[in-house]
Structure formats: C-alpha cells, structure tokens
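First, the structure itself, so that you have it in front of you.
FYI, it's all coordinate maths here, none of it is from the lab. Everything numeric here is computed off the predicted structure, so don't read it as measured data. Note: ideal-geometry Cβ built from the backbone for every residue, glycine included; neighbour counts use all protein chains shown.
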C-alpha cells in the first residue's frame, strides 16, 4: 500500500493497457479490475480515475458509449485508433523505465 | 462484479432526486457516470443497504466529480478548434484553402471598395455561421440539455462576433487602409469559422453515436 505514490505517474498507462485488453470498460470496473490484478496492492481512487479518464477522452485517446444496463445507464470507455497507438508508445516507455530502474536499484541483476 | 446488495427502484429514484436537488445544473453525462459509479460501489460495499448513510460518506467525492465536468467540456471544444485552425496551415489540402482565402481577400481589397470588401467578409462569415447552425445543431429533445450539446456551438460565435464588431465600431475601415492587415483579419475570421464548423460536425456525429440508445 505504501507504493501508491510510485504508481501515480503510471495511471494513464494502466488505464490504456486495461482497455487494450478488455475492449470496453466502465469506471468502477476499472478500479475493481486493477484491485483484482494486483491482489489489492494497488487501489485506484475514484478521485484520480475519473479525471484521468476524462482527460484521455478529451485528448481523443478514448471513445465513449452509453448503454442501458438493468435499470440505469452506463458510460463505457474504449480506445480510439490514436488511443491504440498511444498505448503501444506508453507501454514501450514503461518498459524502458523499468529497465532503467532495474539498472539503478539492482545493477548486478541487469548485467546478467 | 460481486454484489452484496441490489439497489431498489425507490433508492435509485431517491439518488437521482438527491443529485438534482443538490446540483440542479448537473449535466446528463456527468449524472449518468456518477450514478452508475455510486450504485456499483454501494451495491458492492454496503453492509446494511442504507443509501443515505453511504451518500453522506461520499459527499466530497460527488462535489468534486460534478464541478470538473463542465469546464473540461468547454476547454475541449476550444482546444480542438485551435488545433483544427493550425491544421489549415500545416496540412497540404487545407493549406490550399488558406492560401486561396488569403489571396482572395488581398486582391479583393486591392480592386473593390472598402464597403464591398466588408460586405463580402460579412456574407462569408454569416454563411459559415448559418451552415454550422443548420447542419450542426442537435434538435432532439432528449439530447439538447446535455452540456456537450449546449457548448458545442460556442466557438462559432467568435469569428461571427468579431466580424460584427469590426462593422459596428467602423474599425474595419481603419484596418482596410493596410491591405495585408485586413487580409489577415479576414483570413482568421474565415479559417477559425471553418475550423469551428469542422469540430461541430465531428462532435455532432460522436454525440449522436454515443447517445443512440436515447434516440431509438
């Protein structure tokens, strides 16, 4: 749980990656999926998630679809064409970042 | 998604009334997303099905959620219009339109009277404005109260107002003494108008697709 600050800068990448693997998702589903995948290690707060989703939508990386689910309406998010490209870029950046961090925190391991 | 409880129809109506009472100006899109989130969370976490108790713990989140929506919408349309505007000077096909407009106003300014030049500017900008209103307006009763529909036409007012202001203040005739200056002003009016029109048409399509369930 103490790692929340480390994850903060990766929120957009996490959202994009999840949408890449799940076609379309709604806000609450994203928070729960992250909790499930990280076994509770990472909890995305709604206060951080929705501004990030709205920003990605405003930047044209996400499309929105509203559908009726049971007795209420639900707003689904899915990747646009440029969102798919941006996901690949962000994941590359993330891999590069992880490699660099690995070299810094565990130089021996990264040489092997 | 695991549920501990299923919200009742009565509680759902209560939640919607609560939001409308507390935030009368809340947009439809914000309301849809907020209600869905609150209900999903309530159904997954409640111990006793007490919605009022749940809402009292979420007041701060609800307030933040509501106020961020509107300003983002306006900013998005403005940002996209400016991006489209700059594309008129960077993309070859659109650049042709910009150059043609520039040359048209320059030679018009050189050959006819100031009154005619202003008249042509006003006619062209009115045509773009009129076409935007006619083609871009969403008239469906179910959609016209959405924030994204209300603010959709905001940017088209800028060039239209500018051209009227130039006429009312007679500023246009002072500017026309400098041929290139008026040409640049007219170019801005026409190209910004066209950019706003393109953004309106693009978003009209997106909005109609997004809310097709309300139209069926």
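Over the protein assembly as shown, what number does the Rg to Rh ratio reach, with both radii from the alpha-carbon atoms and Rh per Kirkwood?
Expressed as Rg/Rh, it is 1.09.
Still on this structure, I have one more. Tell me the Rg and the Dmax, in Å, that the Cα atoms of segment B:169-216 produce.
Using the Cα atoms of segment B:169-216, the pair Rg, Dmax is 18.4, 56 Å.
Quick one: pull the percentage of alpha-carbon pairs in segment A:23-65 with a separation above 14 Å.
Percentage above 14 Å: 51.
Further, regarding this structure: For residue B:52 and residue B:161, compute 0.36 nm times the residue count separating them, minus their Cα-Cα distance, and round to one decimal in nm.
34.4 nm
When B:203, B:37 are ordered from fewest to most other Cβ atoms inside 10 Å of their Cβ, what list results?
B:203, B:37
Just need the relative contact order of chain B here, percent rounded to a whole number, with Cα pairs under 8 Å and 6+ apart.
25
Please work out the ratio of the alpha-carbon Rg of segment B:9-57 to 2.2 N^0.38 Å and round it to two decimals.
Working it through for segment B:9-57, the quotient is 1.11.
In addition: Have a look at A:95, A:32, A:12 and tell me which one the Gaussian network model of chain A (Cα, springs below 10 Å) gives the largest fluctuation.
Among A:95, A:32, A:12, the largest GNM mean-square fluctuation belongs to A:95.
Give me the inter-chain shielding for B:163-174: mean count of other chain Cβ atoms within 10 Å, whole number please.
0
Compare B:183, B:45, B:101 in a GNM of chain B, Cα atoms joined below 10 Å, and give the one with the largest fluctuation.
Per the Cα network of chain B with a 10 Å cutoff, B:45 tops the list.
On to the next question. In peptide A:53-59, how many Cβ atoms from other protein chains are near each Cβ within 10 Å, on average?
Mean shielding count: 3.
Per the Kirkwood treatment, what hydrodynamic radius in Å, one decimal, follows for segment B:1-94 from the mean inverse distance over all distinct Cα pairs?
That comes to 15.7 Å for segment B:1-94.
Moving on. Can you compute the helix-only [θ] at 222 nm over chain A? Use -39500 (n - 2.57) per DSSP H run of at least 4 residues, normalise by all residues, nearest 500 deg cm²/dmol.
Estimated from H runs of four or more residues: -19500 deg cm²/dmol.
Here is a further query. Could you work out the per residue convex hull volume over the alpha carbons of chain B, in cubic angstrom?
160
Any idea what the alpha-carbon Rg over 2.2 N^0.38 Å comes to for segment B:86-132?
Here the Cα radius of gyration is 1.30 times the empirical estimate.
Along Cα→Cβ, 7 Å out, is where each label goes; now give me the distance between the ones at residue B:45 and residue B:59 in nm to one decimal.
For residue B:45 paired with residue B:59, the spin-label model returns 1.7 nm.
Can you tell me how much longer the chain between residue B:133 and residue B:212 gets when fully stretched, taken as 0.36 nm per residue apart minus their C-alpha distance, in nm with one decimal?
Residue separation times 0.36 nm, minus the Cα-Cα distance, leaves 26.3 nm.
Any idea what Rg and Dmax come out to for segment A:4-111 if you just take the C-alpha atoms, in Å?
Answer for segment A:4-111, Rg first and Dmax second: 15.6, 57 Å.
Quick one: Cα centre-to-centre distance for segment A:83-107 and segment A:5-60, in angstrom?
17
Quick one: Kirkwood hydrodynamic radius for segment B:57-155, alpha-carbon pairs, angstrom, one decimal?
Every distinct Cα pair counted, the radius reaches 17.0 Å.
At 222 nm, what value in deg cm²/dmol follows for chain B if DSSP H runs of at least 4 each add -39500 (n - 2.57) and the sum is divided by all its residues, to the nearest 500?
Mean residue ellipticity, 222 nm, calculated: -25500 deg cm²/dmol.
Select from B:193, B:153, B:25 the residue whose mean-square fluctuation is largest in a Gaussian network model of chain B (Cα-Cα springs shorter than 10 Å).
B:25
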